[in-house]
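Worksheet: the structure to be examined is printed underneath.
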Amino acid sequence: MKTCLIVIDAQESFRQRAYWNEALGSAYLAQQNALIAGCAASGVPIVRVFHTDEPSDASNPFARESGHVRPIGGLADFAAAATFTKHRHSALVNSGLDVWLTQNGIGRLIVSGIRTEQCCETTTRHASDLGWEVDYVLDATLTFDMLQPDGKPLSAADIKARTATVLQGRFATVCTVAQALERAVA
C-alpha cells in the first residue's frame, strides 16, 4: 500500500504563543526529524501542511503577514512532495490535500505534527472516515499543558495518552516512529 507522511502545522507560529514549551518542542523535533529522515530514505513522499487564520495582520502569528507561517526552527529540511495550507483543524478540509492523496494513489497516511489533540487528531479522524488507513505517530506530535473547563491543569502527557486511547483501533494505528517506518516499507 502506498504510504505518505503528513507533517501538520510544524511551523514557527507556535513559538509565538505563551504556552510554547521549549523542552517539549525539542523532544518533539527529535522524533519528527527521525520520522522525516526515515521516510525520505525509504522514498515515502512527505507532505507539508501549514495552518493560517484570521486576522490577516502581522500581530497574528498564524497569518502569513506575521512571517511565522514557515517551517519551525529545528525542523529537518525536506523536499516536500506537496505543500498545502489549511484554515480548519482537519488538513483535509478545503486544502486540496484529499485530491492530491487520491490522485497519487495514497492508501495509508502517517500523521505527525503540532498539535496532538487538535489538528493531528482531527485530520486522523477525518482521514479514517474518508477511508484512508492511518498510522498516528504519537511521539512525533506535540501538544502543551492546558486547563480543563473546571480550571484544573491537564498535562501534555495526559492529553497525549487520551488521544492515543481514543484513536487506537478506532481511527488509527497508534505507533512509534520506528513502527511507522517499518509499516511504511512493508
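For every residue, the table says whether it meets (1) without any contact (Cβ under 8 Å) to a residue 24 or more places away in the chain; (2) of a type in the set (Asp, Glu); (3) in contact with a helix residue (DSSP H, G or I) (Cβ under 6 Å, 6 or more places away or on another chain).
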site: Arg17; (1), (2), (3): no, no, no
site: Ala23; (1), (2), (3): yes, no, no
site: Leu35; (1), (2), (3): no, no, yes
site: Ile46; (1), (2), (3): no, no, yes
Filter the stretch 128-167 for residues that are over 20 Å from Tyr28 (Cα atoms) and either assigned to a strand (DSSP E or B) or at pLDDT below 95 (or both) and give the result. Glu133, Leu147, Pro153
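So that you can scan it fast, the table gives a plain yes or no per residue for (1) part of a helix (DSSP H, G or I); (2) at pLDDT 95 or above:
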| position | (1), (2) |
| --- | --- |
| Met1 | no, no |
| Ile36 | yes, yes |
| Val47 | no, yes |
| His68 | no, yes |
| Gly74 | no, yes |
| Asp77 | no, yes |
| Ala80 | no, yes |
| Thr83 | no, yes |
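Quick check: is even one residue across the stretch 103-114 more than 12 Å from the chain's Cα centre (by Cα) and in a helix (DSSP H, G or I)? Steps first, please.
Step one: of the stretch 103-114, the residues more than 12 Å from the chain's Cα centre (by Cα) are 103-108.
Imposing the further condition that a residue be in a helix (DSSP H, G or I) reduces the set to 103.
Yes, the stretch 103-114 has at least one match.
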In the set Ala63, Ala81, which member is over 15 Å from the mean Cα position of the chain (by Cα), surrounded by 15 or more Cβ atoms within 10 Å (Cβ to Cβ) and within 27 Å of Val185 (Cβ to Cβ)? Ala81
For Gly25, are the conditions met, namely being over 14 Å from the mean Cα position of the chain (by Cα) and of a type outside the set (A, V, I, L, M, F, W, C)? no
Checking the conditions here, which among Gly25, Gly43 is surrounded by 14 or more Cβ atoms within 10 Å (Cβ to Cβ) and either more than 24 Å from Leu138 (Cβ to Cβ) or of a type outside the set (A, V, I, L, M) (or both)? Gly25
Would you mind stating whether Arg183 is assigned to a helix (DSSP H, G or I), within 17 Å of the chain's Cα centre (by Cα) and surrounded by 14 or more Cβ atoms within 10 Å (Cβ to Cβ)? no
Residues of the stretch 91-113 satisfying the condition of being among the hydrophobic types (A, V, I, L, M, F, W, C) and touching a residue at least 40 places away in the same chain (Cβ under 8 Å): Ala91, Leu97, Trp100, Leu101, Ile106, Leu109, Ile110, Val111
Where Asp57 falls short, out of the listed (1) without any contact (Cβ under 8 Å) to a residue 40 or more places away in the chain; (2) loosely packed, with under 14 Cβ neighbours inside 10 Å; (3) out of contact with any helix residue (DSSP H, G or I) (no Cβ under 6 Å at 6 or more places or on another chain): (3)
In the stretch 96-126, residue surrounded by the fewest Cβ atoms within 10 Å (Cβ to Cβ) [restricted to those that are closer than 27 Å to Leu24 by Cα and among the small types (Gly, Ala, Ser)]: Gly113
Pairs, please: C-beta under 6 Å, at least 6 apart or cross-chain, first residue free of Cβ contacts under 8 Å to residues at least 40 places away in the same chain and of a type in the set (A, V, I, L, M, F, W, C) and in the stretch 172-185, second crowded, with 16+ Cβ neighbours inside 10 Å and part of a helix (DSSP H, G or I)? Val174/Ala164; Val174/Leu167
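The values are calculated or read from the model by the stated rules, or taken from the named source; none is laboratory data. Just so it is clear, the structure is predicted and the values come from calculations on it, not from any experiment. Note: ideal-geometry Cβ built from the backbone for every residue, glycine included; neighbour counts use all protein chains shown.
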